[in-house]
Every structure is written in C-alpha cells, then in structure tokens.
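Reading through the structure tokens given below for one structure.
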Amino acid sequence: MGTKAIIVALLMTKAFYAFSQENEQSTAGKRDLDKTKVFIGYELGEMAFNNFQNFSGEVGLKFKNDNLLRFVYQNVNLSEKHLSSNFARTVEGKNIKGLMKSYEVYYDYHLLKNLYLGASVGYANDYYEHTILAESVENFSATVGFAPSYRETDLFKVKGLYFHLAVPFRYYFEPLEETQMGNSKVNRHLLVNNIWFFVGYQF
C-alpha cells in the first residue's frame with residue numbers, strides 16, 4: 001500500500017469516526033422527528049366569518065415522511081352577513097342564513113418545505129333558509145376534493161404549536177341546485193371551496 005493510499009485511508013477513518021460521533025450526539029433529537037405525531041386544531045377562518053357559531057376543527061397524524069392524515073369536521077352557522085358578502089359568493093341577495101356541515105378525510109402529501117397538496121373524500125350537508133319568508137332548501141352529498149395548503153410548526157418557538165392554512169375545493173356528486181328565495185338566490189353547489197386557518201397543537 002502506497003503512502004498516499006495510507007493517508008487517504010487514515011483521513012477516511014477519521015472522517016467516519018467524526019461523523020459517527022456527531023450522529024450519536026444528535027440521535028436523541030432525531031428520534032423525536034422520526035415519530036408519527038398526533039395533532040388537533042381549531043379552525044379560525046370560517047368561524048371568524050360567522051361569529052364563532054358552532055364548531056370547526058381538525059384532528060390527525062403527521063407521519064415520518066411529513067405526510068398528513070386529517071379528519072376535518074365543520075358545523076358552522078352561516079350568517080346572513082357572510083353569505084351575502086362578495087367574499088362568500090354563496091348567496092345573491094340578502095335575508096338568507098344557513099348551516100354548513102361536512103365530514104372530510106384528507107391525505108396531504110408533503111411537497112417541499114411547508115407546502116402540501118391534499119386529496120379528500122367526505123360528506124356534506126348544506127341548509128339555507130330565508131330569514132323572513134317560510135322558504136328553505138337542504139342538500140346532502142358525498143364529495144371528493146383537493147386542497148393546497150401551508151403548514152408551520154413550533155410557532156413563536158413554542159414546541160408543538162402550529163398553524164395550517166388550507167384552501168379546500170370539493171366536488172358534489174349530488175349538487176345543490178340554484179334556488180330562488182324571494183328576491184334572493186342560493187347559487188348552485190357543484191364545486192365549492194373554503195379558506196381554512198387551523199391553529200392547534202402537535203403532540
């Protein structure tokens with residue numbers, strides 16, 4: 001074995017030893033990252049737009065590969081003010097309020113850094129009624145959908161505290177058809193979207 005080969009072998013041995021020592025020192029910290037984690041969150045987006053009536057939230061698992069499995073439940077009293085706003089675009093006109101219920105399971109694929117793209121299956125129940133006239137409409141449908149989202153953990157250096165901003169789109173297999181109520185109208189529900197802002201804790 002030549003002198004150069006010996007020197008290279010010694011350097012490689014030293015580098016391997018240093019890497020091993022560093023790896024052992026960081027193992028404790030990495031063990032925590034390698035675990036599947038449970039999280040639970042409260043949804044502030046729809047709730048804030050509708051005066052925090054009823055409840056919307058998520059519970060799920062974050063896997064070792066950073067993918068997510070989530071169950072999202074919505075039971076939100078939809079205010080007349082929100083439904084008639086340009087932001088919602090659910091109702092044209094005034095004097096209509098509603099109730100939105102949905103049960104959805106999402107599998108979110110980790111794309112890069114804090115970005116995710118999720119696929120969903122679920123069930124939606126939408127109810128709208130006129131606040132003056134004795135008119136209402138209700139619809140039930142299975143749904144499929146997708147949701148681009150952004151998730152960040154350890155907010156304000158608080159371990160486990162997270163927020164998750166998502167924009168879900170869902171397709172109704174049995175759409176709610178356009179419904180006229182007095183001078184107002186509930187628009188057709190075929191492809192519906194929300195804006196969700198979850199704040200929660202990851203254990």
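Scan segment 31-56 for residues that are surrounded by 14 or more Cβ atoms within 10 Å (Cβ to Cβ), in contact with a helix residue (DSSP H, G or I) (Cβ under 9 Å, 6 or more places away or on another chain) and in a strand (DSSP E or B) and report the count.
2
Could you list, in sequence order, the residues of segment 175-196 that are in contact (Cβ under 8 Å) with a residue 60 or more places away in the chain, more than 18 Å from V72 (Cβ to Cβ) and assigned to a loop (DSSP other than H, G, I, E, B)?
G182, N183, N187
In segment 106-153, which residues are over 17 Å from the mean Cα position of the chain (by Cα) and open to solvent by 60 Å² or more (accessible area, probe 1.4 Å)?
Y127, T131, I132, L133, A134, E135, S136, E138, F140
Could you check segment 77-94 and list, in sequence order, the residues that are at positive phi and open to solvent by 60 Å² or more (accessible area, probe 1.4 Å)?
R89
Considering only segment 170-182, I want to know if a residue exists there that is open to solvent by 70 Å² or more (accessible area, probe 1.4 Å), aromatic (F, W, Y) and more than 24 Å from F39 (Cα to Cα).
Scanning segment 170-182 turns up at least one residue that is open to solvent by 70 Å² or more (accessible area, probe 1.4 Å), aromatic (F, W, Y) and more than 24 Å from F39 (Cα to Cα).
So that you can scan it fast, the table gives a plain yes or no per residue for (1) of a type in the set (S, T, N, Q); (2) part of a strand (DSSP E or B); (3) within 18 Å of F49 (Cβ to Cβ):
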{"position": "V105", "(1), (2), (3)": "no, yes, no"}
{"position": "V121", "(1), (2), (3)": "no, yes, no"}
{"position": "Y127", "(1), (2), (3)": "no, yes, yes"}
{"position": "F156", "(1), (2), (3)": "no, no, no"}
{"position": "V199", "(1), (2), (3)": "no, yes, yes"}
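All but one of (1) in contact with a Gly (Cβ under 6 Å, 6 or more places away or on another chain); (2) closer than 19 Å to E80 by Cβ; (3) touching a residue at least 60 places away in the same chain (Cβ under 8 Å) hold for Y128, so report the exception by its number.
Y128 satisfies all of (1) in contact with a Gly (Cβ under 6 Å, 6 or more places away or on another chain); (2) closer than 19 Å to E80 by Cβ; (3) touching a residue at least 60 places away in the same chain (Cβ under 8 Å) except (3).
In segment 64-76, which residues are assigned to a loop (DSSP other than H, G, I, E, B) and surrounded by 14 or more Cβ atoms within 10 Å (Cβ to Cβ)?
Selection gives D66, N67.
So is V59 open to solvent by less than 80 Å² (accessible area, probe 1.4 Å), modelled with pLDDT of 90 or more and either touching a helix residue (DSSP H, G or I) at 6+ places or on another chain (Cβ under 8 Å) or in a helix (DSSP H, G or I) (or both) or not?
no
Residue-wise test of (1) in contact with a His (Cβ under 8 Å, 6 or more places away or on another chain); (2) at pLDDT 50 or above; (3) not aromatic (F, W, Y).
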{"position": "T13", "(1), (2), (3)": "no, no, yes"}
{"position": "A18", "(1), (2), (3)": "no, no, yes"}
{"position": "R31", "(1), (2), (3)": "no, no, yes"}
{"position": "N50", "(1), (2), (3)": "yes, yes, yes"}
{"position": "F55", "(1), (2), (3)": "no, yes, no"}
{"position": "N67", "(1), (2), (3)": "yes, yes, yes"}
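Applying the selection to segment 95-105, what residues are open to solvent by less than 40 Å² (accessible area, probe 1.4 Å) and within 16 Å of V167 (Cα to Cα)?
Selection gives S102, E104.
Looking at T131, T143 in this structure, which one is polar (S, T, N, Q) and within 21 Å of L68 (Cα to Cα)?
Step by step, each of T131, T143 is checked, and only T143 is polar (S, T, N, Q) and within 21 Å of L68 (Cα to Cα).
Need pairs with beta-carbon distance below 6 Å; first residue among the basic types (K, R) and within segment 66-77, second in a strand (DSSP E or B); sequence gap 6+ or separate chains.
Here the result reads R70/E58; R70/G60; R70/Y106, each pair linking segment 66-77 to a residue that is in a strand (DSSP E or B).
The values are calculated or read from the model by the stated rules, or taken from the named source; none is laboratory data. This is a predicted model, so every value here is computed, not measured. When we count neighbours, we look across all protein chains shown, and the Cβ atoms used for this are built from the backbone with ideal geometry, even at glycine. What goes into the accessible areas is simple: the full protein's heavy atoms, side chains included, and nothing from ligands, DNA or RNA. Shrake-Rupley method; radii C 1.70, N 1.55, O 1.52, S 1.80 Å.
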